[in-house]
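**Q** First the structure, which I've put down as C-alpha cells, then a few questions once you've had a look.
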C-alpha cells in the first residue's frame, strides 16, 4: 500500500537551525498493487508538475516509486525513483493551471530522459545534470529512473539562472564544473540528515550558485529555444513573465508585442478567465513567493507591489488577502518566524493549513 509522511510539526530547535535535520520532511513509498493503485497515486503526486502515463498500461500492477523531500526554504531538495517507462508531459495549459514558476536542477543518477523542452531536443543520461524550467512546457519519455533534484523558485535564483534560456539545458558532463556540480549534489543530499537547517540551506544554496558556473561555461546553453519557438500561449506566458513589473502590461499591449489579434489572444486565455485575470494572478503569486521566502527583506510591501505592476498598496493588500487568506504583512511575519510552504494555495481566500497554524 502507498505510504506517505509529512513532518510539518518540526520542533523549535529544528526550525531555528540548531538541531540536525534528520529525516526528510516528506517520505512517499508506493509499492506494487494488483489494481495499479500505486501508479494512480504517483500520477496524483505529480499533478502539480506534469501529466504522467505509463508507456505500457499493463505495467501498472508492478509499478513502484518513491520520493524523499527536504524543505529548506526557499529550496526543495528531493530524491525520486520510478520503476517503469513513463511519459511526463507539461503543457502551456499546465503552466497556467499550476502557477508553479520554479527551475529544477536535476542529477540523473539512473535512467534516461528523452524528449523536448519547447522545440529544443532533450536527452539526459546517467551522470548528466539538467535544468528544467517549470514555467515552460516540456515532454519526456523516461526509462526507470532515480534522480536528485534541487527545486529553486525564480525569485531565489541568481540573475544568471533567471533567464528562460536555460530550459532543457544539459551541460557537457565532461566539463570539470559539471562534474563538480554533480558530486556536490550527491554529497549535499547524503549529508542533509546530519546538517542543521541553517547548514542545509547554505549547502543547497552553494549548489545553486555553483550551477551558474557550470551553466555559464557551456556554449551549448546559447542554443536555447526562444519564445518564438513556443505556441501562442507559451509565447504569451513567457512575455508576461518578462513584463510583470510593467504597470502598462495589458491584453492590448501583449497582442501588439506578439503580433497577433486580440481575439486570437483572448481565445487561448479563456480557460484562465481572460488575459488580465491571468496577469493579476501571476503578479500575486510572485508577490507571495517574495513575502513567503522573505526575499527583498529591506523593501516595504508597497515598493514590492509597485515593482510588480500594482498601482495602489491598499488595493494590492486587499486583493492579496482575498486571494491567499493572509495579508502580505501577516505572510511576511510568519515566514520570518518559521519558514512556510513554498507554493501558494490554489483556493482563493484560504491560507495553507500549516500557514494558519503557524500564524496563531
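**Q** Would you mind ranking 185, 157, 125 so that the residue whose beta carbon has the fewest other beta carbons within 10 Å leads the list?
**A** Numbers: 185 23, 157 18, 125 15.
Taking fewest neighbouring Cβ atoms as first place, the list is 125, 157, 185.
**Q** What would the Debye formula give as log10 I(q)/I(0) at q = 0.23 Å⁻¹ for the alpha-carbon point model of the range 35-82, no solvent?
**A** Ignoring solvent entirely, the Cα scatterers give -0.88.
**Q** Here's something else I'd like to know. For the pair residue 20 and residue 264, what calculated FRET efficiency results from E = 1/(1 + (r/R0)^6), where r is the Cβ-Cβ distance and R0 = 45 Å, to the nearest 0.05?
**A** On the way: r = 55 Å, r/R0 = 1.23.
Calculated transfer efficiency: 0.20.
**Q** Continuing with this model, one more query. Under 1.5 on a/c is rounded, so check that first for the range 74-150, then, if it is not, pick prolate when a/b is larger than b/c and oblate when it is not; a ≥ b ≥ c are the square roots of the alpha carbon gyration tensor eigenvalues.
**A** oblate
**Q** With no solvent and one point per C-alpha, what does the Debye sum give as log10 I(q)/I(0) for the range 288-328 at q = 0.20 Å⁻¹?
**A** -0.56
Only the coordinates and a few stated rules stand behind these numbers; no lab work does. Quantities reported herein were computed from a predicted structural model and do not represent experimental measurements. Glycine also receives a Cβ, built like all others from the backbone with ideal geometry; neighbour counts cover every protein chain displayed.
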